[in-house]
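For reference, the structure is listed below as structure tokens.
The values are calculated or read from the model by the stated rules, or taken from the named source; none is laboratory data. Since the model is a prediction, treat every value here as computed from it, not as a measurement. Ideal geometry is used to build each Cβ from the backbone, glycine not excepted, and the neighbour counts take in all protein chains shown. With ligands, DNA and RNA removed, areas are computed over all heavy atoms of the protein, side chains included. Shrake-Rupley method; radii C 1.70, N 1.55, O 1.52, S 1.80 Å.
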Amino acid sequence: MSKLHLVFGGRVSDPQTLDFDDLKSIDIVGVFPDYASAEKAWRAAAQRTVDDAEMKYVVVHLHRLLQPDIVAPADKGD
């Protein structure tokens, strides 16, 4: 199975949380086949909104949600 990663973001009520204000306006950047490409997309999206403290982008490890019993090494970023 591919190690799929989802990158998305949006406006949050508090920059220290993942409490997104409007789920209908979430920006789905994309699904990526590995952490390196997901991180590159995340950095680009975050950089575009760097001046807006209420915008937050995240990388979600979809493969961990799909197969939670498989634990990836912590130092690999997967």
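At a glance:
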quantity	calculated
Candidate set from the stretch 1-22 (those that are at pLDDT below 90 and under 16 Å from residue 61 (Cβ atoms)); member that is farthest from the chain's Cα centre (by Cα)	1
Filter pass, residue 18 being in contact with a Leu (Cβ under 8 Å, 6 or more places away or on another chain) and either in a helix (DSSP H, G or I) or among the hydrophobic types (A, V, I, L, M, F, W, C) (or both)	no
Verdict on residue 34 being in contact (Cβ under 8 Å) with a residue 24 or more places away in the chain and either on the phi < 0 side of the Ramachandran plot or over 12 Å from the mean Cα position of the chain (by Cα) (or both)	yes
Count of the stretch 21-39 residues which are farther than 11 Å from residue 5 by Cβ and either in a helix (DSSP H, G or I) or aromatic (Phe, Trp, Tyr) (or both)	3
Qualifying residues in the stretch 58-72 (those that are open to solvent by less than 50 Å² (accessible area, probe 1.4 Å) and touching a residue at least 60 places away in the same chain (Cβ under 8 Å)) - the one farthest from residue 7 (Cα to Cα)	72
Enumeration of residues in the stretch 42-57 that are crowded, with 16+ Cβ neighbours inside 10 Å and not aromatic (Phe, Trp, Tyr)	45, 46, 49, 55, 56
Single residue of 37, 25 found to be at pLDDT 90 or above and either exposed (fewer than 10 other Cβ atoms within 10 Å of the Cβ) or in contact with an Asp or Glu (Cβ under 9 Å, 6 or more places away or on another chain) (or both)	25
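Residue-wise test of (1) among the small types (Gly, Ala, Ser); (2) touching a residue at least 60 places away in the same chain (Cβ under 8 Å); (3) out of contact with any helix residue (DSSP H, G or I) (no Cβ under 9 Å at 6 or more places or on another chain).
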| position | (1), (2), (3) |
| --- | --- |
| 4 | no, yes, no |
| 16 | no, no, yes |
| 21 | no, no, yes |
| 26 | no, no, yes |
| 38 | yes, no, yes |
| 43 | no, no, yes |
| 49 | no, no, yes |
